[in-house]
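Right, one structure below, let's go through it.
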Amino acid sequence: MRSLSFLSKMTIFGFLLGTLPVLFIGAYAYIASSNAIQENVANGNRQLLMQINSNVEQKLTTVNHTLNQVIHSTVLKDAINHPLSADDFMTYNDIRNEIRYMQSFDTKLEDVILINERHNWMVKNSGLYDYGKYPYQKQLSSLRNVPEGVSWVLTPSEWFYSEENARSTSACPYNISLVKKLPTAGLEKYGLAIANIPACGLQEIAELETSDEPHAHMIILDEENRILLHRDPALIGQPADAAGMPSERLTDESGQFVVAGGQGKQSVTYYRSELNGWHYLSVTSISAMTKESAKIGMYTLYVCLFMLLLSMILAWIGSKRMYSPIQLLLAQVGERITDSGKRGRNEFQVISERVHHLFQSKSRLEQEVQQHVQQARSFFLMRALQGNVRASSVPEKLTQFGYGEQLAEWRAMAVMALQIDFQEDSRYSKSDLELLLFAVQNIVEELIPSRDRLAPVSMDNTIVVVVGSSAEEPERFSEMMYAVTEQVQSQVAGYLQLQISIGLSLPFGDLDHLAVACREGVEALKQRMKLGTGIIIQYEHLHQEGTQTTLGLSYPSYIENELLDAIKLAEKESAKELLKQFLHAVFAEELSPREYQIPLARLLNSLLVVMQESGVGLAQIHPMKGSLLEELLKLPTHAEIEDWFWTCVVHPMVKIFRDRREAQYHNISEKIIDLVQHHYDSDLTLEECAARLHYNANYLSSVFRKETGHSFSEYLTMYRFNMAKRWLSDSEMPIKDIAAKLRYNNPQNFIRSFRKQEGVTPGQFRERKRSG
């Protein structure tokens, strides 16, 4: 019998070695699958609960944020202090627009209700209502008794019945309601803002997340352990014990326990929300998990047995079929099996040696070098244009790269530099720059014959190409260059809908001037700062005009001062217009591109000085680590400079000053209210508050009225009357002492003011409170 080959020996050995792990893995999988499945289900349930909790809290937070925007809006602040009827269409329409804006978010928000008990009106999705005639007026008014700090409550859907949500009311008997008391800045709360999410909305979120868990269902409990979500709608609103969930087990932030129910033992995984104290429970049948794990264990065992059988067959077939091409390869390299065996080498070692020898051959190396010629040529041209190559060696190297024939024919040459102009209405963005440069370079190669140019190269976001001609007359060469540039510009606009600018160097006849010509072409492109985009400019014209240019700029300091004042006052539109006027005044002067950098850098410096004096950090407006001045000096056009100043400097500063002003207003009002609450029994005046807070009295009056809707004297009087009513109700303090504490000269003045405010005398008020 012929001896086995090396491949056959290795195949049989690998089969024997691989059999033991396969059998071991199958047995281990069968034994461990049950525990692994239960542990994976428990971990999966924890992740699922946290995901559902995150989704629910995100929607609740969004509703809370948008409702805060509504109740703090100017429209609602004005409306809450006045009656509202069918004649007030504009006010009603503004309120409805605020409500629609809230419902535009994907939060399952069904209805938003605004209630004003003082002026007896209610606004909701279905329209404007007389609050006193609303069927569930008492139930809704009871929501004003919700304790402070509790915002989400469970309410019956029928309280908010209307024609628009009649169908959803029958489907979802309960709502989860966000309750806000109005007005927010006043002492007396006589209004409500209510945002309703149907309990079914939570069920939809839970079903979406648990669609991959057929044996699990979700339960959500509020902070009082009442059911907010259950697959049985009849249990919503009932205590957790009604669903077989013992509330005394829900003590930790998260955990797991087992309960015995009508459907057997169930594993309960729970998680308590840090936001509102709700409990999220995932209930899974233990019997279903055990049954599933047994199935998986059996399937694993069957798969292992199948793999074992399949590996035996493949090893047998593979060892016979795979050896045929190896014999053929050995014959091709001129080696016999017996010879390799005598030398102590196997078949693979022989083949490897032959292949390695082929890769070292001279022909293969020459082929690889040839493939990189184009890259080496582009790299050399780039270095030559940048002046990094000895001028005397440029003709020789270009000849080696195949340009000898062109150099011999050319009598005049010029460098053409192309840059892309991004427009506001362009369909491209600056992130497409590399791809667009590649496309423009291809168009240049197609339009200009290879005999009239060197290979275009891309460097510093500029395409540079050397163009030559056999024409000796300068006028003829200039006409040819201008025609070529117009054709390139037209074709790029036609094919790519893209605008480019082209700069042309002075003509030259010696390659020693190649780097200088490249700088001339790029320098010509800088005229876009003055001339705009989509230009074709020759350095020759720039040179002629440059000899007459002097720095005679009259710096628009008055506009700069107005711009800085507008930024400090957070006047966005005014700042934008003044920035436009400033740049228009600067670019109206006849200057060179480098001279324009002086007033632009001066403006940037003034803005940075204002930032520093105001305590604004550079990282607040420019989180990147680059230099603002370097970014500014790289911008080529008027439009890009204006957009950069507004986007990167001015507008961020305006937003910072605006936020500071709003925070200052709120802080001032809180300090005034605190003074009133602590010194209401003294002769407190607005001027005294201004002296204590170190502000102008007129300024304080304006800020306080904007924040609270009342003047200082009105608020002080309201607070004193509230204190008087508290003393009349809860104490035996004589009326004359109350009048004295509230700074009335005599009790009669106090009695007259009290009767005018409340409609009864202080004594009558005390008797009513005691009899009631």
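Only the coordinates and a few stated rules stand behind these numbers; no lab work does. No experiment lies behind these values; they were computed from the predicted model shown. Neighbour counts are summed over all protein chains in view; Cβ atoms, including those assigned to glycine, are modelled from backbone coordinates with ideal geometry.
Here are the numbers for this structure:
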quantity: Between the range 719-772 and the range 369-410, the Cα center-to-center distance that results, in Å; calculated: 102 Å
quantity: Calculated over the range 76-115: convex hull of Cα atoms, volume per residue (Å³); calculated: 73 Å³
quantity: For residue 111, distant residues with modelled amide H under 5 Å away; calculated: 196
quantity: Additional length obtainable on full extension of the chain from residue 184 to residue 126, 0.36 nm per residue less Cα span; calculated: 18.4 nm
quantity: Estimated FRET transfer efficiency when R0 is 22 angstrom, pair residue 737-residue 677 (beta carbons, to 0.05); calculated: 0.65
quantity: Percent of alpha-carbon pairs separated by more than 17 Å within the range 446-579; calculated: 70 percent
quantity: Amide proton proximity set for residue 469, modelled H, under 5 Å, gap of 5+; calculated: 411, 412
quantity: Rounded FRET efficiency, nearest 0.05, which uses the C-beta distance separating residue 605 from residue 374 and R0 of 56 Å; calculated: 0.75
quantity: Virtual spin-label span in nm between residue 480 and residue 719, 7 Å along Cα→Cβ; calculated: 9.0 nm
quantity: Per-residue ³J(HN,Hα) for the range 724-732, Karplus 6.51 cos²θ - 1.76 cosθ + 1.60, θ = phi - 60°, Hz, x for Gly and Pro; calculated: 4, 5, 5, 5, 5, 7, 10, 9, 9
quantity: Cα Rg, Dmax (largest Cα-Cα span) when computed across the range 415-511, Å; calculated: 13.8, 43
quantity: Kirkwood Rh in Å, taken over the range 580-720 so that all alpha-carbon pairs contribute; calculated: 18.6 Å
quantity: Rel. contact order, % - alpha carbon contacts under 8 angstrom, at least six apart, the range 441-525; calculated: 20 percent
quantity: FRET E, pair residue 447, residue 411, Förster distance 30 Å, beta-carbon r, rounded to 0.05; calculated: 0.85
quantity: More than 19 Å apart - percent of Cα-Cα pairs taken over the range 643-730; calculated: 49 percent
quantity: Estimated vicinal HN-Hα couplings, Hz - the range 413-419 in sequence order (Karplus 6.51, -1.76, 1.60; Gly, Pro = x); calculated: 9, 7, 9, 10, 10, 10, 10
quantity: Label-to-label distance, nm, for residues given as residue 386 and residue 224 (7 Å Cα→Cβ offset); calculated: 7.5 nm
quantity: Contour minus Cα-Cα distance for residue 85 and residue 54 (0.36 nm per residue); calculated: 7.0 nm
quantity: Largest-first ellipsoid semi-axes for the range 582-656, taking √(5λ) over the Cα gyration tensor eigenvalues, angstrom; calculated: 22, 13, 11
quantity: Along principal axes, Cα extents of the range 427-483, largest first, whole Å; calculated: 43, 19, 19
